[in-house]
Amino acid sequence: MLILGALIAVALRAETGRGMGPSDWAAVRFTVFQAALSALFSVALAVPVARALARRRFPGRRLLIALLGAPFILPVIVAVLGLLAVFGRNGWISVALGAAGLPPLQVYGLHGVVLAHVFLNLPLATRLILQGWQEIPAERFRLAAQLGAGPHAMWRLLERPMLWQVAPGVLAVVFAICLTSFAVALTLGGGPRATTIELAIYQAFRFDFDLGRAALLSCIQIVLTGMAAMIALRMSRGDGFGGGLDRPVQRWDARNPVARVLDGAIILFAAGFLLLPLAAIFLSGLGGLAKLPASVIAATMNSVLVAAISALITLALALPMAVAVALGRGAFVEFAGLLGLAASPLVIGTGFFVVVYPLVNPTVLSLPVTALVNALMALPFALRILVPGARQVIERSGRLALTLGMAGRPFLRRILLPRMRAQIGFAAGLSAALSMGDLGVITLFADSEQATLPLQVFRLMGAYQMEAAAAAAVLLLSMSMALFWLLDRGGRWHAEA
Amino acid sequence: MLRLEKLVIDNGGFTLSADFAIEAGRKVAIIGPSGAGKSTLIGGIAGFHPVVAGRLIWDGKDLTDRPPGARPLAMLFQDGNLFPHLTIAQNVGLGLNPNLRLDGMQWRQVETAIAHVGLQGMGARKPAALSGGQQSRAALARVLIQDRPLLLLDEPFAALGPALKNEMLDLVDRLASETGATVLMVSHDPQDARRIADEIVLVADGIAHAPQPAAPLLDDPPPALRAYLG
């Protein structure tokens, strides 16, 4: 309802009469183009990485795969800073190029935006595709091995059909994510040639204070992302590869030395691409941690507060929705979850702004609104975590509870919530970390007095205080991870299975 | 002749030892209580479980370190014997070339094999469109076309009803007699053994015992077998 309300407010405020200017069209074109490029590159790179990870067993493999999940809660602004430290004008590669007498890399613009999107989405794409690989039952590999299939035959028999099923969905998901990219475009894009719709909304807001135009752009954004989210959902459904008994997969086709060296190189390259920027942040930021300005400390307090409230709101919304879906009363609820995917933070922020602007000074509400919008953003993910858990508990214990006469609140308190502790902790941790790292709606509302930590990092960057920015980024990253770890662990503490 | 020379097979920490030989052309049933190591024995011979000691010899050739596809044997598993996304003809064709690059003559060979197991005209269907018995027949058609001297069966018909299972065992018996293949068949039903086996390997407590003639063994079982038969 909150999302719908915001959307309706936006739609009413939109000034359709004036139509779209050329710069608006440019923003639409750029948004679609960069999202398509980002999706293509992410998936194209993810396929060999996933294949290497699927075929190899090596010490640290589980850790690496777990790390692939980390960028999801990695604050975008931290990723951007890390990428600048490696690929920027004064970054490692440019310095190396300079030593060789070559000009430095130019990272701002389309390729910078795409680079950051690939950095942020390659891990997700890899994990999704790796999942596809792992869902090929071990029995199929065993049968293929018995028939003497080499790497090429494995590819034709098993891997290529799997990719035909999985890759389109992954492309659509990454495309949809990149459509609503704001922080990346804000920091690495900009200018008439590299402005996304989200960024255009922000500019219409902050610089021109043209609410009508912001609302119009928001409408376009909703239509675009709504279509992309629908396509992504449709495509990511598939009937899979038939069942197996989860025997451990052994690969007899990948034992030749060429395949080994190739897979090793691919894994090293991917790990380097993903880990070096983070290492760079830590190297340049650790020194500055001791002399962080007071504004950063205040912003940290704000951020923790926002993250905690946001996680609470997410749970308060997601738990009843998850139970409703699990009980089969979920058609509307699933639609609401989809809406959360389709609407972008800035669009919802614009909607709220339009609503509250006549009543109170919006800056007063900047932190509560940020917490609320962050919670709405985290909702689809929380639902994806909670719904299967709720389903399982109800399937397994529902009948037994009914025969014992347990229903309603006792069932909720005694069975459902305790049994779902692990998922609840995970969802809360994810939501808190996402909120902690979010640089979106806060930029619309905040004045110079108020800030969250990501906004403060962005401001330090804008003021070219790179060392302080890096230090604040280290703090931000640590806080996000710590929040996630704390809540996720808290949920699993003494929880069986 | 298949020789298992002081063979020790490791299946995730469980080890099975075997030290005997099987004459070429025999049909051997492997029976024993569940968990005793029947599937481990056959998986070790097929190359799916590592051999940690001893040697596996077929016709004087050492198979111990060969990958599964390079051994002179065809195998049917308990489940998952067909690729669900390929047609029956393609599934059978894999027996000739795992890359499925077949010429016209080879495709005719595939058709013949499909007809031979009684599935005429069903080559274009996917496995899901076939009954359980027909799926078993399709898998047997591939075994037939693989034309390997050794056939390993790890209870592939366990999910079929008794009449259908007997039908499949008779088909295996007929195909093996036609090709002269040596058959090793895991079973937990002594009736299966009586139906087609010449010899029986009894597996109990991590040891596979040397094969003995089927009928006398079943008529007058030693203590270990009697405990299993009940």
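Every read-out reported here was derived from the displayed coordinates using simple, explicitly stated rules and does not represent laboratory data. The model shown is predicted, which means the values in this text are computed figures rather than measured ones. Neighbour counts are summed over all protein chains in view; Cβ atoms, including those assigned to glycine, are modelled from backbone coordinates with ideal geometry.
Just a few scattered comments:
- Globularity index of the protein assembly as shown is 1.17 (Cα radius of gyration / 2.2 N^0.38 Å, N = number of residues).
- Spatially proximal lysines relative to B:Lys38 (Cα-Cα < 28 Å; intrachain offsets below 8 disregarded): B:Lys6, B:Lys27, B:Lys61, B:Lys165
- Cα-Cα pairs of region A:1-290 separated by more than 34 Å (percent): 33
- Proximity of backbone amide H atoms, modeled 1.01 Å from N, is registered between A:Thr195 and A:Gly190 at under 5 Å, excluding neighbours fewer than 5 places apart on the same chain.
- Point-charge dipole on Cβ atoms (K/R +1, D/E -1) for the protein assembly as shown, about Cα centre, debye to 20: 680
- Rounded to whole numbers, the Karplus 3J(HN,Hα) couplings from phi for region A:123-140 are x, 4, 4, 4, 5, 5, 6, 4, 4, x, 4, 6, 7, 6, x, 4, 4, 5 Hz, using 6.51 cos²θ - 1.76 cosθ + 1.60 with θ = phi - 60°, and x at Gly and Pro.
- Compared with the alpha-carbon gap, the fully stretched path from A:Trp25 to A:Leu283 is longer by 88.8 nm at 0.36 nm per residue.
- Peptide A:151-161 is shielded by partner chain Cβ atoms: per residue, an average of 3 of them sit within 10 Å of its Cβ.
- Gyration tensor verdict on region A:183-231 (Cα atoms; rounded if a/c is under 1.5, prolate if a/b is larger than b/c, oblate otherwise): oblate
- Within 10 Å of each Cβ in B:189-198, the average number of Cβ atoms from other chains: 0
- Charge dipole (the protein assembly as shown, unit charges on Cβ, about Cα centre) - positive-most of B:Trp58, B:Gln109, A:Val355: A:Val355
- Protection proxy ranking for A:381-393, A:167-179, using the average of other Cβ atoms within 10 Å per residue and placing the highest first: A:167-179, A:381-393.
- For chain B, the Kirkwood estimate of the hydrodynamic radius, built from every pair of different alpha carbons, is 18.1 Å.
- Counting all C-alpha pairs of region A:136-198, share separated by more than 19 Å (%): 56
- Residue-by-residue Karplus 3J(HN,Hα) for region A:70-77, coefficients 6.51, -1.76, 1.60, Hz, glycine and proline x: 5, x, 4, 9, 6, x, 4, 5
- Distance in nm between pseudo-label sites at B:Phe14 and B:Thr112 (7 Å out along the Cβ direction from Cα): 4.2
- Shielding by partners - mean other protein chain Cβ count within 10 Å, residues of B:77-87: 5
- Fewest neighbouring Cβ atoms within 10 Å first, the residues A:Leu199, B:Leu171, A:Leu486 line up as A:Leu486, B:Leu171, A:Leu199.
- Dividing the summed -39500 (n - 2.57) terms of all DSSP H runs of n ≥ 4 by the residue count of chain B sets its mean residue ellipticity at 222 nm at -10500 deg cm²/dmol.
- Phi-derived couplings, Karplus 6.51 cos²θ - 1.76 cosθ + 1.60 at θ = phi - 60°, listed residue by residue for region B:13-29: x, 8, 10, 10, 10, 8, 8, 6, 10, 10, 5, 4, x, 6, 10, 10, 9 Hz, with x used for Gly and Pro.
- Those aspartates and glutamates that a straight Cα-Cα span of less than 17 Å connects to B:Lys126, excepting residues fewer than 8 apart in one chain: A:Asp239, B:Asp79, B:Glu111
- With at most 15 neighbouring Cβ atoms within 10 Å, loop trypsin sites (Lys or Arg not before Pro) (DSSP) excluded, longest segment of chain B: B:126-230
- With neighbours defined as other Cβ atoms within 10 Å of a residue's Cβ, the residues A:Met420, A:Met301 order from fewest to most as A:Met301, A:Met420.
- Hypothetical label at B:Asp189: residues of region B:127-162 whose amide nitrogen lies under 20 Å (7 Å Cα-Cβ projection): B:131-141, B:152-162
- At 1.567 mPa s and 4 °C, Stokes D of region B:1-136 from Kirkwood alpha-carbon radius, µm² per second: 76
- Here's how it looks for B:Ile30: its modeled amide H is under 5 Å from those of B:Met185, B:Val186, B:Ser187, B:Val201, which are all 5 or more places away or on a different chain.
- Gyration tensor over alpha-carbon atoms, region A:36-148, equivalent ellipsoid semi-axes in Å: 34, 15, 14
- Long-range HN-HN contacts of B:Leu94 with modeled amide H, under 5 Å: none
- Of the trypsin sites (Lys or Arg not before Pro) in region A:124-195, the ones in a loop by DSSP (not H, G, I, E or B) with at most 13 other beta carbons within 10 Å are A:Arg193.
- Shown for B:Met122, B:Met105: other C-beta atoms within 10 Å of each C-beta, ranked fewest to most, produce the order B:Met105, B:Met122.
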